[in-house]
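Read the structure below first, then the notes.
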Amino acid sequence: MPDTQQKHLIIGAGFVGLGIAQSLQAAGIPYDQVDASDDIGGNWYHGVYSTAHIISSKQVTQFTQFPMPEDYPPFPSAAQMLAYLHQFADRFQLRDRIQLRRKVTLVRPIADNQWEVTFESGEQRIYKGVILCNGHHWCKRMPDFEGTFDGPIWHSKEYRHPDQLRGQRVLVIGGGNSACDIAAEAARVGAKSLLSLRESVWFIPKSFAGVPIANFAKPWTPEWLQRLLLHLMIRLTFGPHSRYGLPKPQHRILDKHPTLNNEVPYYLQHGRITAKPAVQRLDHHQVHFVDGTVETVDAIICATGYHVAYPFLPPELQRVQGAIVQCYGGAFLDDYKGLYFLGWGQARGGVGSLMSAYGPIFAQLLKLQDQLEIPLGRVFKELGVGLPKTHLSDPQAIFTQLRLLRWAFPWFQRRARQIDHQCQPFANHPLQAEPEPEALSVF
Ligand SMILES: Cc1cc2nc3c(=O)[nH]c(=O)nc-3n(C[C@H](O)[C@H](O)[C@H](O)COP(=O)(O)OP(=O)(O)OC[C@H]3O[C@@H](n4cnc5c(N)ncnc54)[C@H](O)[C@@H]3O)c2cc1C
């Protein structure tokens with residue numbers, strides 16, 4: 001068994017895992033990094049369709065400390081995103097510590113606050129801590145349909161290339177970003193494109209006056225002002241929903257993860273996409289909708305999202321409720337130290353700028369954890385920080401909180417030591433349990 005007991009293990013070498021690795025390296029914190037895949041890049045390597053472009057902008061999606069190449073457009077493609085992550089790994093010499101084709105199958109706390117990690121190969125290692133960066137766009141959420149369908153029913157994760165849609169009558173289920181991208185692609189190459197929306201959505205233009213929407217948000221823009229500005233931009237770009245034959249959404253803008261898309265409104269007005277309500281039942285190649293209409297389709301694509309999942313954790317450490325991980329300060333448990341949940345939230349901005357702000361603070365917190373007996377989550381809890389109420393977050397609010405924590409860090413450290421003193425003794429409760437077998441099989 002290699003001697004890894006003084007190191008942390010980062011699981012995942014996608015955007016978040018690479019960002020955290022660079023922060024740990026910069027802070028001089030020893031770590032190893034593994035990924036189940038045969039290369040780095042996560043979703044941008046193996047998880048998105050070939051025609052995907054980011055919806056957040058280059059400016060907010062890049063790591064602040066490593067800007068994307070000058071010749072990248074404001075909305076880079078999946079291939080450009082992957083190339084960028086490779087450049088990032090090279091620039092900060094992250095590859096030496098990354099081991100590929102290392103799928104983690106079990107992470108469990110053992111005696112002396114250590115963590116035992118088991119790999120698919122059967123190899124086991126002991127680490128002082130484990131940082132979970134395994135992503136949240138892989139565990140498919142599928143709807144239950146009544147009836148039978150004679151064609152393929154894919155999850156959007158299985159949609160890889162427009163050839164799958166060519167000449168087909170396609171029904172896309174969902175109103176999120178992937179649903180809209182795929183429905184627009186079907187409008188271009190398919191014989192028919194239907195978009196089934198259980199409820200109407202706010203289509204937010206990707207740019208306004210040529211500026212990517214994500215670039216308008218500034219640290220001083222509170223959420224109510226962002227809503228107001230978005231209302232205005234939507235109104236000026238698209239006008240009311242009635243012009244597209246859609247009802248006005250029942251929720252406020254930003255109450256759900258935003259759909260940034262210009263193409264669906266465009267193709268609705270060209271008759272290349274037809275909006276449909278929810279599906280009632282399937283009947284061979286016919287789809288019956290709740291409004292009584294019936295359509296004949298060849299393929300159904302469910303862009304119905306993902307579950308946040310940690311199949312390698314024992315039941316005791318399964319802390320996901322809905323889409324929310326029950327942890328403090330974005331990553332920390334109050335009853336176990338050495339286990340950190342990263343990248344599970346659905347922030348509206350781009351992932352890079354958030355990681356650039358969060359990574360260095362997280363590294364400082366890891367160092368602080370070394371000096372404490374109790375878990376850092378307990379410190380956050382004692383200081384009155386609550387559990388998250390939603391998986392959606394306003395990046396501007398996160399930047400503000402992080403700036404505050406950075407500024408108040410000496411005070412935070414002092415209070416953490418006081419609380420630690422009051423709450424000792426503490427030790428992780430070792431767990432023998434195996435992870436749930438059906439949870440493992442979803443990946
Ligand atoms: C169509 C689409 C469009 C998107 N557009 C944007 C956008 O515009 N802007 C934006 O910021 N984000 C966007 N995203 C979100 C995207 O997921 C993030 O940009 C980013 O990829 C998240 O990084 P991550 O490291 O958390 O997860 P991932 O990229 O999923 O990486 C997780 C890594 O963990 C590895 N892993 C998982 N389980 C294990 C295990 N048991 N053992 C070892 N390794 C494991 C995986 O192989 C993977 O490499 C988009 C996503 C999709 C699907």
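Below is a table of values for the structure above.
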quantity	calculated
Share antiparallel - DSSP beta bridges, the stretch 142-304, percent rounded to 5	30
Protection proxy ranking, peptides 109-118, 247-256, average beta carbon neighbours within 10 Å, highest first	109-118, 247-256
Charge context of Ala323, other residues only, Cβ under 13 angstrom, K/R +1, D/E -1	+4
Stokes-Einstein D in µm²/s, Kirkwood radius over Cα pairs - the stretch 1-121 at 4 °C with 1.567 mPa s viscosity	83
Bins of 10 Å, starting at 0 and running to the largest distance - Cα pair percent for the stretch 142-304	10, 39, 32, 15, 4, 0
Electrostatic dipole magnitude of the chain [Cβ: Lys, Arg +1; Asp, Glu -1; Cα centre; debye, to 20]	1400
Considering only the chain, percent of DSSP beta bridges that pair antiparallel, nearest 5	40
Dimensionless Rg over Rh [the chain; C-alpha; Kirkwood]	0.98
Radius of gyration, Dmax [the stretch 263-380; alpha carbons; angstrom]	22.4, 64
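We did not get these values from a lab; they are worked out from the coordinates using the rules stated. These figures come from a predicted structure and were not determined experimentally. Note that we place each Cβ from the backbone using ideal geometry, even for glycine, and neighbour counts take in every protein chain shown.
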